Amino acid sequence: MSPELAAKLSAAVYEEWPSAEATVTVRLGLEFVRSWDHGGTQAMLVRSADWAAVVFRGTEASRVRLLDIWSNLGWPLPWAGPGLAHSGYASHFLRIRPSDLHASAAALDLPVYAAGHSMGGALAALFAAYNPGLLAGAALFGAPKCLDRVAGASITCSVQSYYNRHDFARWWPPAPSLRPVGQVIAIDSGGWPGPVSRHGVGRYVEALESLPKPA
């Protein structure tokens, strides 16, 4: 799964499910397998002929989902996986953890990737740390810090953490023991360098679309 496609899926997952399914199938040419919504934590499973992807929805600030916004507040605490995790994101992940998300992804018998933007990226990182061995890779876009060194080291797949220049998310939350996960990759969408503007998922799609394509 290319970073550009992972970013487009991370944008599509913010849509209401009928619209997200249409985006996945019509615009992106993939199969929409199913979606989950457990206590305000949302994810979708999509697949191609060669791979599958679990994509988590991030903070829905534009819809004033207070539960999402409050989840960005927290501190490092023990959680269901190894090491320490941000308590707000771990609590959000806890809502969907008992679902059949893991089993549904594994049952496809394909390489499985995880992706997400903002809090969705944090949930993808938690999913990778909680399910070592399941994922072939993960792509995070503007993800806040959510795991400590021990928890991050438990992830066995390759993780690319993309950050738009001037996006505030790379430094949030201000907890020294938490850190970005995997390989940090800086990209630039251009335009006004405001931190809120640069955090939008559309900016990540634009920036990755503008990168030179391999010959």
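Every number in this text was worked out from the coordinates using simple rules, so none of it is lab data. Remember, predicted model here, so these are calculated numbers, not experimental data. Glycine gets a Cβ as well: all are built from the backbone with ideal geometry, and neighbour counts include every protein chain shown.
Here is how the numbers come out for the structure above:
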read-out	value
Rounded to the nearest 20 debye, dipole of the chain from Cβ charges on Lys, Arg, Asp, Glu	480 debye
Computed [θ] at 222 nm, helices only, for the chain once each DSSP H run of length n ≥ 4 contributes -39500 (n - 2.57)	-8500 deg cm²/dmol
Separation in nanometres of the label points that stand 7 Å from Cα toward Cβ, at residue 2 and residue 179	3.2 nm
Cα shape, the stretch 3-209, gyration tensor, a/c 1.5 rule	rounded
Cβ-based net charge around residue 199, under 12 Å, with every Lys or Arg adding one and every Asp or Glu removing one	+3
Antiparallel bridges, percent of DSSP beta bridges restricted to the stretch 3-209 (to nearest 5)	45 percent
Whole-Hz ³J(HN,Hα) from phi, Karplus 6.51 cos²θ - 1.76 cosθ + 1.60, for the stretch 165-173, glycine and proline x	4, 6, 6, 6, 4, 4, 9, 9, x
Positive-pole candidate from 79, 33, 49, dipole of the chain, charges at beta carbon	79
Percentage relative contact order, the chain, counting C-alpha pairs under 8 Å, at least six apart	18 percent
Filtered trypsin sites (Lys or Arg not before Pro), the stretch 65-164: DSSP coil and at most 15 other beta carbons within 10 Å	65
5 angstrom amide H check on residue 118, placed H, neighbours 5+ away	141, 142, 143
Least to most buried among 158, 2 (fewest other Cβ within 10 Å first)	2, 158
Ranked list, fewest to most other Cβ atoms within 10 Å of each Cβ, for 59, 23	23, 59
